[in-house]
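Here the structure is laid out as structure tokens; the discussion comes afterwards.
The values are calculated or read from the model by the stated rules, or taken from the named source; none is laboratory data. Please read all numbers here as calculations on a predicted model, not as lab measurements. Every residue, glycine among them, receives a Cβ derived from its backbone with ideal geometry; neighbour counts consider all protein chains shown. These area figures cover heavy atoms from the full protein model, side chains too; ligands, DNA and RNA do not enter into them. Shrake-Rupley method; radii C 1.70, N 1.55, O 1.52, S 1.80 Å.
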Number of protein chains: 2
Amino acid sequence: MSADQGYDPRTGEPVGVPVPHTGPAELDRICRAATAAAPGLAAMAPAERAGLLRAVAGALGTHADELVALADAETALGPARLAGELTRTRVQLEMFAGVLAEGSYLEAVIDLPDPAAQPAPRPDLRRMLLPVGPVAVYAASNFPFAFSVAGGDTASALAAGCPVVLKAHPGHPGLSARCGQLVAEALAVPGAFAVVHGFEAGAALVQHPAIAAAAFTGSPSGGRALHDLAAARPDPIPFYGELGALNPVVVTAGALAQRADEIVAGFTGSYLLGSGQFCTKPGLLFLPAGHGLGERIAAAVAGASIGPLLAERIKTGYDQTAARLAAVPGVRSVLGDEAAGRRSRLDSPAPAGPGWTAAPALLAVPAPVLVARAGELLRECFGPAALLVEYASGEELLAALATVPGSLAGAVHADVAAEAELVRAVVDALTAMAGRVIVGGWPTGVAVTWAMHHGGPWPATTNPGHTSVGVTAIRRFQRPVVYQNTPEALLPPALRDGNPWRLPRRVNGTLVPA
Amino acid sequence: MSADQGYDPRTGEPVGVPVPHTGPAELDRICRAATAAAPGLAAMAPAERAGLLRAVAGALGTHADELVALADAETALGPARLAGELTRTRVQLEMFAGVLAEGSYLEAVIDLPDPAAQPAPRPDLRRMLLPVGPVAVYAASNFPFAFSVAGGDTASALAAGCPVVLKAHPGHPGLSARCGQLVAEALAVPGAFAVVHGFEAGAALVQHPAIAAAAFTGSPSGGRALHDLAAARPDPIPFYGELGALNPVVVTAGALAQRADEIVAGFTGSYLLGSGQFCTKPGLLFLPAGHGLGERIAAAVAGASIGPLLAERIKTGYDQTAARLAAVPGVRSVLGDEAAGRRSRLDSPAPAGPGWTAAPALLAVPAPVLVARAGELLRECFGPAALLVEYASGEELLAALATVPGSLAGAVHADVAAEAELVRAVVDALTAMAGRVIVGGWPTGVAVTWAMHHGGPWPATTNPGHTSVGVTAIRRFQRPVVYQNTPEALLPPALRDGNPWRLPRRVNGTLVPA
């Protein structure tokens, strides 16, 4: 195959014209152009780079109808959801424009000379963060705007001052090509942004000498493969992969007594959102044994409208993984057993449907079985599947929770006042394994703010110290430099005595707001 | 070999008793104890952990005479240097105690709910940094205090709240064992700190499931091997290696005209400091062609007192590398040719001396030869060797500088006012390849402060975004977590409404000093 072809998931039929894969010579040309663009982008005043980000946001807004239609044709995620996602993508770009204006992202720190310092006199030292250089970004399938061409990784890398070479996801090639044109035109900085297509171009990109860092959102296998290529380079580069997660949600007896209906509706909505193709999908719902929610959740699932999956490969993978989970001894199918007749059993062939529609799955297992068969059961099933884990005691709950691998998020629904001790233990367990801890809510929905963290211990990400959403996502693409005894005229503006950029800075250890 | 034996570099004779290597069962026990200690360390208030750091600093002070004597017996670095280094090590621990008291290191960020946020209402979000978990630290040979058992990596990991398992350097096993006892006793937290010995224990340590991150200071080959093991784990962990550097120093014609004597003395002192065994040694000195400094530097070198190298392996490696560099066509030996008779030629066998004394080397090469033979010449030679690079023009200088790989530091000596354009170009080139840029100084000597950055692009380090010296070294051992809609009672103190720890925090995007 030498081109990416888009498909309509509703029908499985091709849409749009094939987008040719990027050959080695073209990839090399693009990477060299990125290298050439890097010093200019880095040297821009933050306000000027903020203008570039706003220009990209503006272009997305101007072309919103066209882009939403293109995206819907290739992803079937629906115009409403896609329009919201496009807004979020613009908000994200504008947020980083604001971050540049605020200036803390440069982490300017000045230590004035101290001849009395021990064990030796201290010179004049002035530190700030610089862009690392050209960044490779690997787009995801499930957020064709927010985690794709003009998404959070691109926005944060450009904000940092890094040129971006974006590897398009083959699930929406037409949209990717069009967004790429719009971003490059809006930036109007030659070499600052380009889109490449094709598996081989993607593998070559992370190994190209011009690339200084890489960011990825996608599957554990794809992320691991690129991580390994980045680490094996003659000059290893930082690789920031967000690989998805199980995102456990714990429901206590107290919560169940207080608001079972709300929990049924909230869980069903969250796990089926985007047909279950969210990296923050609650894949595990811990319920007290004898919860009696099976039929109610099954009814809610039966009543939900679930769109087709994004790609044939995703549907195939989903069917296989869901069937494998259902076949583990001790696992029962809640929909199959308790809502019989509404759908075929999971271990029978999936019902024939138009395009890449998939049958939802809801499995249940006693907590001790989860512990005993953790290797088989604790695997992400990308699509409309979830596993109810039924615990007979707080001890069973905590033991099962301790086996869950690193996740992007985890949540607890409880009667916080009446169950204080248990809730504290659950929050501690979630804090140990997740990047985001939610009380009384659901993991889907990731706000784009200063405090947001969208990351977590392996296998949620390849680096627990960083986030791909929120202001601090910019840090992935910066490196510190310190100037020692450097005359004013040779210092970057961020570090000059007069603070011409009016940055918040730390001087002799004390934070000085702008 | 099943034990580390210390040697006196002055004589090559054994000193002290052999320290047994750590077997697999003992390593596992130590790592499990670290895991068990982690929650307690993490839960401590910053002031309490600061007390632990001060206790370690105090123990080093109380036992200073004993430790300096032990260190001198195993390293021959001399009591004066070692006493200064021990002071620096204590200052470093105390600095991190101050960092804990100041509180910015927690990066507390609070976004209050915003029902009007686009594209969706914003929940209450509160982010902070938590310790990553048990950390493996690999000690260096050349700073038996500051980059060894109680050195900067240990101090910053403990400050972050991480237990430390320290792999001792085999060059000073007796000192390492004794320091390990003192640190563990001073901490008085079971499992929080342990020292392991032996190559195999070191390789197993970075692969142990309990270890969440690793820090290393040492050779490129050792660092690369451990980096690769960390990256190849089933669950890759962050690996922060500081692998040394060439640290180019540029001298312009203007500087030469103004202060040649100062440059000769400064360079000779810097490159021979610690017998050239500094990772910040200026390994490359760029001089205008026809500089006429050869005899003066040779005389300064001849007059310098150079101690023995730290280990037999280092001496062997030094002799081989220096001879290999000298044999590259186009390279001449400044000491051999211009200071003939003062020492034997580099390509003849090294002079027989007591212990691991090595002959200094000073080579010279025209800048175009450096460019043409970059692969052979741009290698760190650990020990008292340096390469003078003679440039005929600013273009030659900048072309040669562009071939120098990532370094910890770079410096320029110039007539800043009269040579503004050239100096600007040199500072830009150094900024692109180094973590620290020095004007009018030498790279040896790394202050321990808020602004310090001791890092740089590969191969200076395995991760250009982080430092192993200075306040921000603590970040390597932290990971963010965000709490969403979490009731006050379940929040960590750092994120509670009343700000009980009086931290500087960011609230709704605005920095609020404590």
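Before moving on, here are some points about what is shown:
- Within region A:451-471, being β-branched (Val, Ile, Thr) and within 7 Å of another protein chain (Cβ to nearest Cβ) holds for A:462, A:467.
- Selection within region A:150-177 - farther than 20 Å from residue A:38 by Cβ, of a type outside the set (Gly, Ala, Ser) and open to solvent by less than 10 Å² (accessible area, probe 1.4 Å): A:172, A:173, A:175
- Region A:130-145, subset under 11 Å from the mean Cα position of the chain (by Cα) and among the aliphatic types (A, V, I, L, M), residue surrounded by the most Cβ atoms within 10 Å (Cβ to Cβ): A:139
- Of the strands (runs of 3 or more DSSP E) lying entirely inside region A:360-439, the ones with 3 or more residues being in contact (Cβ under 8 Å) with a residue 12 or more places away in the chain and within 14 Å of chain B (Cβ to nearest Cβ) are found at A:407-413, A:434-439.
- Of the criteria (1) within 14 Å of another protein chain (Cβ to nearest Cβ); (2) outside any helix (DSSP H, G or I); (3) open to solvent by 20 Å² or more (accessible area, probe 1.4 Å), which one residue A:241 fails: (3)
- Condition met for residue A:150 (within 12 Å of another protein chain (Cβ to nearest Cβ) and among the small types (Gly, Ala, Ser)): no
- Hits in region B:415-437 - residues which are over 26 Å from residue A:41 (Cβ atoms) and either of a type outside the set (Gly, Ala, Ser) or crowded, with 24+ Cβ neighbours inside 10 Å (or both): B:415, B:416, B:419
- Residues (open to solvent by 30 Å² or more (accessible area, probe 1.4 Å) and within 17 Å of residue B:149 (Cβ to Cβ)) located in region B:204-217: none
- So residue B:56, is it at pLDDT 95 or above and farther than 29 Å from residue B:358 by Cβ: yes
- Residues that are assigned to a loop (DSSP other than H, G, I, E, B) and in contact with a strand residue (DSSP E or B) (Cβ under 6 Å, 6 or more places away or on another chain) within region B:244-262 comprise B:245, B:246, B:247, B:248, listed in sequence order.
- When each of A:67, A:82 is tested for being within 14 Å of chain B (Cβ to nearest Cβ), crowded, with 23+ Cβ neighbours inside 10 Å, under 23 Å from residue A:170 (Cα atoms) and of a type in the set (A, V, I, L, M), the lone residue that passes is A:82.
- Within the set A:261, A:235, the sole residue that is open to solvent by 10 Å² or more (accessible area, probe 1.4 Å) and over 29 Å from residue A:438 (Cα atoms) turns out to be A:235.
- Going through (1) more than 8 Å from chain A (Cβ to nearest Cβ); (2) open to solvent by less than 10 Å² (accessible area, probe 1.4 Å); (3) part of a loop (DSSP other than H, G, I, E, B); (4) farther than 17 Å from residue A:485 by Cα one by one, residue B:443 falls short only on (4).
- In region B:478-494, the residues that are open to solvent by less than 20 Å² (accessible area, probe 1.4 Å), farther than 15 Å from residue A:430 by Cα and at the interface with chain A (Cβ under 9 Å from one of its Cβ atoms): B:478
- With respect to (1) closer than 30 Å to residue A:424 by Cα; (2) in a helix (DSSP H, G or I); (3) open to solvent by 10 Å² or more (accessible area, probe 1.4 Å); (4) out of contact with any Ser or Thr (no Cβ under 9 Å at 6 or more places or on another chain), the lone exception for residue A:316 is condition (1).
- Pair list, Cβ < 9 Å and 6+ apart or interchain, from region A:233-246 residues that are free of Cβ contacts under 8 Å to residues at least 24 places away in the same chain to residues that are of a type in the set (A, V, I, L, M, F, W, C): A:234/B:458; A:236/A:230; A:236/B:231; A:236/B:458
- Helices (runs of 4 or more DSSP H) contained entirely in region B:1-111, each with at least 2 residues that are of a type outside the set (Asp, Glu) and within 23 Å of residue B:314 (Cα to Cα): B:64-75, B:79-102
- For beta carbons closer than 8 Å, sequence separation of 6+ or different chains, a first residue in region A:166-179 that is closer than 12 Å to residue A:198 by Cβ and a second that is part of a helix (DSSP H, G or I) and among the basic types (Lys, Arg), there are no qualifying pairs.
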